[in-house]
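Visitor: Mind looking over this structure? Questions follow.
Derivation of every value follows stated rules applied to the coordinates shown; laboratory data play no part. The shown structure was predicted, so the numbers you read here are calculated from the model rather than taken from an experiment. Backbone-built Cβ (ideal geometry, glycine too); neighbour counts: all protein chains shown.
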Amino acid sequence: MVRTLGEPHYGDAAALAERLGFGAIWLGGSPRVSDLEPMLAATERIVVASGIANVWQYEPAEMAAEFAALERSFPGRVLLGVGIGHPERTAQYVAPLTKMQGFLDGLDAAQPAVPRERRILAALGPKMLECSAARSLGAHPYFSPVEHTRFARERIGSAGLLAPELAVVIDEQPERARSKAREYASFYLQLTNYAANLRRLGWGDADLAGGGSDALLDAVVPQGSAAAAAAAARAHVEAGADHVCVQTVAVQGLPEAEWTQLAEALGL
């Protein structure tokens, strides 16, 4: 997943991911759908996904039009990731499930429509997971441990695509790696949706405080070697994931070294 490189480097990141053998690359940070264009233009085969286009920042017809424009130029290579965002960052945040269902109705009604199998929903809780299975290709959970992947698979059934995000710190100096993981996690632990999801899985207030307990960080933001990151990704697959979006965090610039090590550890 690409989050902090900035638009001038999107194409370089996508080209690197394709060259290393990854099958998809996700553009994080609530992007515009049109932001995917330089990544698609710089590559030939890799799937490029939005992770996650925010429904409060779009009208459905507008999002559908941006998807259609990319589909005309790069047929079959765009996955439209759609999400509801967070109450802390959206003033009008109300009735999230109702809002999502209405937005999907709008994508269905658009001319041309966004096909169900070309969109995927950010989903954590049981009702949004069920909506993702009924109304899209599947679910893209973010900031979630392996036990959530197992829970999500049970909720969406065997047919839905399950593609969790996994943040990793590739750094073999333990204290430094733990510090990087805690700095990354501290922001997400302040967001209601992520905190509630972790509490639903049995993590307590002490685990969520102070940027996260060591146990929580190990579960949500694994640290260590590329081999350890690859093992964490495989654990999600064993728990029911079809695809794991691995995000190397605490890296400045294009993460060429980290992605190369990870590709080798994964046997790509």
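Visitor: Examine the stretch 236-251 for a residue that is out of contact with any His (no Cβ under 6 Å at 6 or more places or on another chain), over 19 Å from H148 (Cα atoms) and assigned to a helix (DSSP H, G or I), and state whether such a residue exists.
Guide: No, that holds for no residue.
Visitor: To continue, here is another question. For residues that are touching a Gly at 6+ places or on another chain (Cβ under 8 Å) and either surrounded by fewer than 18 Cβ atoms within 10 Å (Cβ to Cβ) or more than 21 Å from L262 (Cβ to Cβ) (or both), tally how many sit in the stretch 155-181.
Guide: 5
Visitor: Additional query: Is at least one residue of the stretch 184-191 outside any loop (DSSP other than H, G, I, E, B) and over 22 Å from A122 (Cα atoms)?
Guide: no
Visitor: So which of L16, L97 ends up being at negative phi, surrounded by fewer than 16 Cβ atoms within 10 Å (Cβ to Cβ) and in a helix (DSSP H, G or I)?
Guide: L97
Visitor: Which residue out of V114, V82 is within 20 Å of the chain's Cα centre (by Cα), over 23 Å from P255 (Cα atoms) and in a loop (DSSP other than H, G, I, E, B)?
Guide: It is V114.
Visitor: Free of Cβ contacts under 8 Å to residues at least 60 places away in the same chain, more than 28 Å from A14 (Cα to Cα) and not basic (K, R) - does that describe any residue in the stretch 118-128?
Guide: The answer is yes; a qualifying residue exists.
Visitor: Residues in the stretch 123-159 that are in a loop (DSSP other than H, G, I, E, B) and closer than 16 Å to C245 by Cα: how many?
Guide: Final tally of qualifying residues: 9.
Visitor: Outside any loop (DSSP other than H, G, I, E, B), over 16 Å from E88 (Cβ atoms), under 18 Å from the mean Cα position of the chain (by Cα) and of a type in the set (G, A, S), is that true of A177?
Guide: no
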